[in-house]
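Enquirer: Just passing along the structure, written as structure tokens.
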Amino acid sequence: MNLALIDILDKFLVVIWPMLRLSAFLAFTSIFSIRAVNMRIRILLAFSMAFVVTQQIDIPRIDPLTAEGLMEISRQILIGLTMGLVFQVASAALVVAGQAASASMGLTIANMIDPNMGNVPVLSAFFNIMGTLIFLGMGGHLIVFGLVLESFKLLPIGQEFFSQDMLGKMIHWSAMMFLGALLIALPVMMTLLFINVGLGFVARAAPSLNIFTVGFPALILTGFVILIMSMGNNVARIQWIWAQSFLMLRSYLGE
């Protein structure tokens, strides 16, 4: 009985280290942290992937109740959170793009309560759903799982991983939140800017004309037309954002 208990405890100590990194990653990655993927599913995914990891690499025996163990717990959670941050930035680009387009179209008051993102503009929710479907359609979930499993070979458990180069890469990557948003929302923003300038000239030339009653519906209608016309390009841009996130994660892992 005691031997069986010791054996179970030994296997648990082997699985717990990769599971810490995987759990932190799944909890912080936007695609897997939505409410549709509840806590039970995340735990099952983390445990299943951790079991696969233990069959492929040798996990060092580290006592979690020692100072070394506590440091390793913090290290594995930090690695998982940092890897998840890569995809959080990509998802944030879609939200910012929706906010920028909504502001240009005058739809900032048209918000919805999203269970995952909170109070966001309707266009942000639309771009987020669109981005999730594109991510799954391009096999992003399989690429991500492969990279996460590969991380245990490139960033082994029990070794230091942090460096100034990694910190610089993450700071540089955060700019993608604004670059990606600009690529998606720029057609709408530029078109509506020219329309606003034109309406300004009309209002200056004919002060008695109520431009607001004409201009506001025109901005909304034109914005939706531009969104529909640029939908194909937006799909390509969102695919590019996800592809850059995969490359960033590979760079972070040192590939």
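The values are calculated or read from the model by the stated rules, or taken from the named source; none is laboratory data. Note that the structure is a prediction, hence the values are computed from the model and not measured. A quick note on method: Cβ atoms are made from the backbone with ideal geometry, for glycine too, and the neighbour counts reach across all protein chains shown.
Enquirer: Identify the single condition in (1) more than 18 Å from the chain's Cα centre (by Cα); (2) of a type outside the set (S, T, Y); (3) over 19 Å from Q88 (Cβ atoms); (4) assigned to a helix (DSSP H, G or I) that L142 does not satisfy, given that it satisfies every other one.
Expert: (1) is the only condition that L142 fails.
Conditions tested, residue by residue: (1) surrounded by 18 or more Cβ atoms within 10 Å (Cβ to Cβ); (2) part of a helix (DSSP H, G or I); (3) on the phi > 0 side of the Ramachandran plot; (4) not aliphatic (A, V, I, L, M).
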{"residue": "K169", "(1), (2), (3), (4)": "no, yes, no, yes"}
{"residue": "A181", "(1), (2), (3), (4)": "yes, yes, no, no"}
{"residue": "T213", "(1), (2), (3), (4)": "no, yes, no, yes"}
{"residue": "G223", "(1), (2), (3), (4)": "yes, yes, no, yes"}
{"residue": "I228", "(1), (2), (3), (4)": "no, yes, no, no"}
{"residue": "G232", "(1), (2), (3), (4)": "no, yes, no, yes"}
{"residue": "V235", "(1), (2), (3), (4)": "no, yes, no, no"}
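Enquirer: Name the single residue that is modelled with the highest pLDDT among those in the range 115-157 being in contact with a helix residue (DSSP H, G or I) (Cβ under 6 Å, 6 or more places away or on another chain) and small (G, A, S).
Expert: Among those residues, the one meeting the criterion is G131.
Enquirer: Moving on to the next point. So which residues in the range 145-159 are in contact (Cβ under 8 Å) with a residue 12 or more places away in the chain and either surrounded by fewer than 17 Cβ atoms within 10 Å (Cβ to Cβ) or not in a loop (DSSP other than H, G, I, E, B) (or both)?
Expert: F145, L147, V148, L149, E150, S151, F152, K153, L154, P156, G158
Enquirer: Within the range 195-211, restricting attention to residues that are over 42 Å from the mean Cα position of the chain (by Cα) and surrounded by 11 or more Cβ atoms within 10 Å (Cβ to Cβ), which residue is farthest from A100 (Cα to Cα)?
Expert: In this case the residue turns out to be L209.
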